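Okay, so here's the structure we're looking at.
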Amino acid sequence: MARVQYQRSLDDLEASFQATGAIVLRSIRGVVDALRTQDVELCDEVIAFDDEIDARYVATETDVELLLARQTPVAGDLRLVLAVLHAMIHLERMGDQCVTIAKLTKLSSHLGTRGAVVESLGDMGERCYEMVHVALQAFAARDAEQARSLHELDELVDRANRQVFEQVLGYAGDPDALEWGMRQITVARCFERIGDNAVDIGEQTAFLVTGEFTEFTDASH
Amino acid sequence: MDQPTASSPAIDSRRIGELAGAPADDVRAREAVFAIDDLSVQYAGSLALKGTTLDIHKNAVTAFIGPSGCGKSTFIRCLNRMNDVIPGARVTGKVLYHGRDLYGADVDPVEVRRRIGMVFQKPNPFPKSIYDNIAFGPRMLGMKKGLDERVEQVLRHAALWDEVKDRLKENALGLSGGQQQRLCIARAIAVEPDVILMDEPASALDPISTARIEDLVHELKREYTIAIVTHNMQQAARVADMTAFFSVEVREDGSGRHGILVEYDLTTKIFTNPSDKRTEDYVTGRFG
């Protein structure tokens, strides 16, 4: 095969994307555990972890810039480079959402927890973990069908998000519970965004495989 | 102005679409200047190009890419009957030019080459003045009226006028390689052709001269139909509307190899999402 160095650069780029995905999975696992156990130290670890994700994103951007400048990828190679760049942005945002969840968990830890909402949030986090896992797997396997399945998984996350909102509405008569609950609505919103970002990565996989970009869902409808 | 009502909303998604830019003009909808059907070429009994079928569209740039020996130059040489002058060359299949058989018995090859000009890899100006290089063709064809104006107009068209206007009587061989190639393009358009065929027109030029030729190709396609053979894939990606990828096929009986058309599509498709694995391997540099 010709262009050995070039192929190595493409392989490295994709490996770096998958490695970043693995770190994001650890962050999600971290915030879910921290939420369930109200572990403030674990929250700090997740927050610190995000620097690693950010650094990897910046490094990928530089790698992509060099690849475009030096190797002029076209066709499937070009789609891979573009898909990795986009997917990395989504991973970076997931990292940010995990930081927000960790900070909110710390901020509200003194307000005590309410079991039903924590359970709902924990379930949401598990589903998000599963979605990111599927998104990374589908990308690696170039499996557009599996990528499309993320849309159905995301609907479950959206439903859980609405459920948390309903649960918090029930705290209307209890000021302490309400303050805590309102922070949890934001936590639920962060998980909901992680689900969306996993769908976005799925869309990049479909683009990589088919050459056509389509949104799995249309936000205007 | 009418006020928006419930039945005529102020925001019309179709209008937003129009504002965002009209759909790209698809050159494939344009008239086919050449309709080529099952074109094969043999040299001294040996097959060089096998069964090629494609249309070349008006005012479009069509690029022909592929590895050495894939038949791309052989192919475009069929479009102005340049293969006629090669002893032992045999062309089969149909080449319709504006619906007329280019190889018909009543067709004059000299008239064909006036209507379908050609620019070669190596600039080949006549060893004459810059002026005479341009004036030669029109003079031969009796287009003698307003010759000075024609020379100026054609040199301007080829983006060469400003560089040569004070030295028109000097020998063309004194020009740089890039200028010589633009002179050859000017010479080709001086006889008012319909089509310009270019066989590796920039492969012997430096990057700046290459960029000038590419800019010129962009300008010229407004008035002419252009077919360009190039080894430089990025050049095809930059200048062409349509791209044809040719490859080499080894005959099963071991009697040799010949060129075949693998894929022909919009350039954007060929370089972002080709349909054939062989095209993908070639444009990404994995093969050839």
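Taken together, the values in this text are just the output of simple stated rules run on the coordinates, not laboratory data. If you're wondering where the values come from, they're calculated on a predicted model, not measured in any experiment. Quick reminder, even Gly has a Cβ in these numbers, built from the backbone with ideal geometry, and neighbours come from all protein chains shown.
So here's what we get for this one:
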read-out: Chain A: angle of helix A:150-169 to the longest principal axis, Cα-based, in degrees nearest 10; value: 20 degrees
read-out: Net +/- balance of residues flanking residue B:235 in space, Cβ distance below 11 Å, scoring K and R +1, D and E -1; value: -1
read-out: Most mobile of A:121, A:67, A:25 in a GNM of chain A (Cα contacts under 10 Å); value: A:67
read-out: Peptide ranges A:162-171, B:52-61, B:221-230 listed from the most packed, as the mean C-beta count within 10 angstrom indicates; value: B:221-230, B:52-61, A:162-171
read-out: Computed over chain A: relative contact order in percent, which uses C-alpha pairs under 8 Å that are six or more apart; value: 26 percent
read-out: Check: chain A dipole with +1 on Lys, Arg Cβ and -1 on Asp, Glu Cβ, in debye; value: 160 debye
read-out: Hydrodynamic radius (Kirkwood) for region B:101-244, which is based on Cα pairs only, to one decimal in Å; value: 15.5 Å
read-out: Equivalent ellipsoid, region A:4-210 (semi-axes from 5 times Cα gyration tensor eigenvalues, Å); value: 36, 18, 11
read-out: C-alpha long axis of helix A:4-37 to longest principal axis of chain A, angle in °; value: 10 degrees
read-out: Those lysines that a straight Cα-Cα span of less than 23 Å connects to residue B:94, excepting residues fewer than 8 apart in one chain; value: B:50, B:58, B:72
read-out: Antiparallel bridges, percent of DSSP beta bridges restricted to chain B (to nearest 5); value: 60 percent
read-out: Integer Hz, Karplus 6.51/-1.76/1.60 couplings in order for region B:252-264, x for Gly and Pro; value: 4, 7, x, 7, x, 9, 8, x, 9, 7, 8, 8, 9
read-out: Length-normalised contact order for region B:87-227 - Cα pairs under 8 Å, 6+ apart - percent; value: 32 percent
read-out: At 0.692 mPa s and 37 °C, Stokes D of region A:38-87 from Kirkwood alpha-carbon radius, µm² per second; value: 258 µm²/s
read-out: Shape of chain B, Cα gyration tensor, a/c cut at 1.5; value: oblate
read-out: Residue among A:111, A:156, A:85 with the largest mean-square fluctuation in a Gaussian network model of chain A, springs linking Cα atoms under 10 Å; value: A:111
read-out: Cα centre as origin, Lys/Arg/Asp/Glu Cβ charges: the protein assembly as shown dipole, Debye; value: 2900 debye
read-out: Rg/Rg_globular for region A:150-201, with Rg_globular taken as 2.2 N^0.38 Å and Rg from C-alpha atoms; value: 1.28
read-out: Those residues of region B:139-180 whose amide nitrogen sits under 16 Å from the label point placed on residue B:124, 7 Å along Cα→Cβ; value: B:173, B:180
read-out: FRET efficiency estimate (nearest 0.05) - Cβ-Cβ, residue B:204 to residue A:210, R0 51 angstrom; value: 0.80
read-out: Cβ-based charge dipole, the protein assembly as shown, positive-most Cα from A:206, B:137, A:137; value: B:137
read-out: Long-range Cα-Cα pairs in region B:94-177 (distance over 21 Å), rounded percent; value: 42 percent
read-out: Whole-number percent relative contact order across region B:39-79, with pairs defined as alpha carbons under 8 Å at least 6 apart; value: 32 percent
read-out: Percent of C-alpha pairs per 10 Å bin, the protein assembly as shown, short to long; value: 4, 15, 19, 17, 15, 12, 9, 6, 3, 1, 0
read-out: Beta bridges per DSSP with both ends in the protein assembly as shown, % antiparallel, nearest 5; value: 60 percent
read-out: Within 10 Å of each Cβ in A:211-217, the average number of Cβ atoms from other chains; value: 1
read-out: Cα long-axis angle, helix A:175-210 against chain A (0 to 90 degrees, to the nearest 10); value: 20 degrees
